[in-house]
Structures are given as structure tokens and as C-alpha cells.
Amino acid sequence: MPVVRIFLLTALTMAAFAGNSVLCRMALKETEIDAVSFTSIRLVSGAVVLWLIVHLRQRGSRHARDNRHSNEKGSWFSAAVLFGYASCFSFAYLTLSAATGALLLFGAVQATMIGYGIWSGERLGRWQWLGVALALSGTVGLFLPGLTAPPWVGALLMLGAGIAWGVYSLRGKGAVDPIGVTAGNFMRGVAFALLLSAVLLQQMKLDGWGISYAIASGAVASGLGYVLWYTVLPYLRATSAATVQLSVPVITAFGGVVLLGEAISVRLVLAAVAILGGIGLVVVERK
């Protein structure tokens with residue numbers, strides 16, 4: 001694949017991942033839709049798009065028989081973790097700004113994966129440990145009491161969403177058909193979302209624009225975003241793939257300022273520099 005095309009697809013993918021945060025915050029802040037409905041619509045629309053892509057890919061493949069059950073891959077456990085991520089993500093954005101939520105989410109995802117590597121016996125060098133300490137200090141600084149500290153309930157929910165996504169990513173690592181696996185997990189995840197929607201039916205609030213934002217988040221930012229990512233991922237080195245994701249919170253912050261009129265505090269900037277810089281030290285030095 002040409003270098004220019006790899007660059008453009010990677011940039012588009014990062015914009016899609018950042019779009020999830022902006023769309024969710026926009027829907028829950030500016031429309032009447034509730035967090036559960038947003039989650040359900042997001043998962044349903046994502047599942048539909050991924051199923052269509054898998055189905056079209058099978059029809060165009062010479063080995064359709066071998067790939068006939070691609071959309072049946074995945075597992076119920078991974079689907080439950082996916083649903084946990086999506087639901088915590090939505091509820092967190094009831095109170096968090098787009099930029100703060102993306103920073104906490106990304107930090108928690110990377111911390112989960114780095115922590116798993118250490119637990120599995122991976123050794124870190126001195127610069128990597130410095131990166132871990134720097135990222136932790138940034139997280140602590142973000143939570144210190146003050147006018148610009150994020151609401152602790154929303155922050156904890158977003159950290160939970162990040163941990164869930166980290167676990168989901170670790171479970172899918174090395175999948176032969178990651179798009180098929182993702183499609184299968186999204187389809188199973190719909191069952192969890194619809195069950196929660198049924199339990200909280202009396203609290204459901206729907207809004208035309210809110211529904212549109214949820215569909216865009218599921219179909220475009222999630223469904224097509226993951227397809228783009230898995231398409232370009234084989235052409236990126238592991239360190240490049242990890243490092244390029246540092247741009248997601250930055251893109252999200254820019255989107256929050258332009259589309260939502262959010263202010264960027266000095267505390268958030270300093271925390272972002274510490275957290276993203278620390279993570280960058282770890283992932284760049286990893287082999």
C-alpha cells in the first residue's frame with residue numbers, strides 16, 4: 001500500500017475514534033437522548049454496518065465457503081466486555097467534557113495493556129518506568145481537588161470503560177479475522193444493550209438529533225472506524241500503531257472546542273502532557 005494512502009487512512013481512523021467521544025458528548029449534552037438508548041443505538045448500528053461489510057467481503061471472496069461463518073466469530077465474554085465499555089463510556093459523558101473523557105479513556109486502555117505486559121513477565125527499562133511514573137502523576141494531578149477537577153463519578157466510569165476496552169483489545173490480539181470477530185462481538189453485544197434498555201424502558205428518552213448522533217457513532221466512528229484500523233494496521237509497526245493513538249485525545253479536544261465550545265483548562269493540558277508523554281515513553285521503548 002502506498003505511503004500516502006497509509007497516512008491518510010491512519011489519520012481518518014484516528015479522527016473516527018475521536019469522533020466517538022465528540023458525538024457521544026454532543027448527543028448527551030445537546031439533545032434529550034438518554035445514555036442507555038445512545039449505547040443501544042450505537043451498538044445496533046455498528047453491528048449492522050459490520051455485518052454488511054463481512055457479508056459483502058464473503059461474497060467477493062473466492063474462498064467464501066471457508067469464510068462463511070466469519071460473522072459468527074467472537075464470544076459472549078468479549079461481547080459483555082464490549083458492552084461494558086460502551087455503556088460506561090456513555091454514562092461517563094453525561095458529566096465529562098469530550099477532551100477529559102478521551103484522555104481518561106486512552107490512558108486507562110494503555111495502562112491496562114501495559115499492566116498486563118508487566119504481569120506477564122515483560123521487563124521495563126528505566127525510561128519506561130519513568131514514563132509510567134509520569135503518566136501516573138498526570139492522572140493524580142487531574143483528580144486533585146479544585147474547580148477544574150473532573151466529576152469523580154464520570155471519571156471513574158470512563159476509567160472503567162478504558163479498562164474494559166483494554167481487556168477487549170487483549171482478548172482480540174492476534175485474531176486471524178479481526179473484522180469478523182468484531183462483527184460477531186457487536187452482534188452479541190446488542191443483546192446486552194437491548195436487555196438493559198428493556199429494564200430501564202420507563203427512563204428512555206429519544207430525540208431525533210440524538211438518534212442521528214448515536215447512529216453516526218455506531219455506523220461510522222465505530223463500525224467503519226474499526227474496519228479502517230484493521231485495514232491499515234498490518235502496514236504499521238507495533239510502536240507506530242501504539243504511538244499514533246496518542247493523537248486521539250488531542251483530536252478530541254480540538255473537536256470539543258470547535259463543536260461544543262468546551263474550554264481547555266491549564267490542569268487538563270498539563271495532565272495530558274504528562275499522561276500522553278509518559279505513555280509515549282513506554283510504548284516507543286517497547287520491543
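The values are calculated or read from the model by the stated rules, or taken from the named source; none is laboratory data. Quick caveat: nothing in here was measured; it's all calculated off a predicted structure. Cβ coordinates were reconstructed from backbone atoms using ideal geometry, including for glycine residues, and neighbour counts include every protein chain displayed.
At-a-glance table
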| item | result |
| --- | --- |
| Subset of segment 16-63 [of a type in the set (D, E, K, R) and within 25 Å of G208 (Cβ to Cβ)] | R25, K29, E30, E32, D34, R42 |
| Residue, nearest to the chain's Cα centre (by Cα), within segment 71-107, restricted to residues that are of a type in the set (S, T, N, Q), closer than 20 Å to V250 by Cα and buried (at least 20 other Cβ atoms within 10 Å of the Cβ) | S90 |
| Qualifying residue in segment 108-127 (condition: within 24 Å of G255 (Cβ to Cβ) and crowded, with 23+ Cβ neighbours inside 10 Å) | yes |
| Hits in segment 144-175 (condition: in a helix (DSSP H, G or I) and of a type in the set (K, R)) | R171 |
| Residue list for segment 192-224, filter: more than 20 Å from T31 (Cα to Cα), small (G, A, S) and loosely packed, with under 14 Cβ neighbours inside 10 Å | A198 |
| Only listed residue being at pLDDT below 90, among the hydrophobic types (A, V, I, L, M, F, W, C), surrounded by fewer than 22 Cβ atoms within 10 Å (Cβ to Cβ) and over 23 Å from L144 (Cβ atoms), chosen from V266, V244, V227 | V244 |
| Test result for G138, within 21 Å of S265 (Cβ to Cβ) and either surrounded by fewer than 20 Cβ atoms within 10 Å (Cβ to Cβ) or touching a helix residue (DSSP H, G or I) at 6+ places or on another chain (Cβ under 9 Å) (or both) | yes |
| Helices (runs of 4 or more DSSP H) (entirely within segment 176-257) containing at least 3 residues that are within 22 Å of L82 (Cα to Cα), in contact with a helix residue (DSSP H, G or I) (Cβ under 6 Å, 6 or more places away or on another chain) and of a type in the set (G, A, S) | 178-199 |
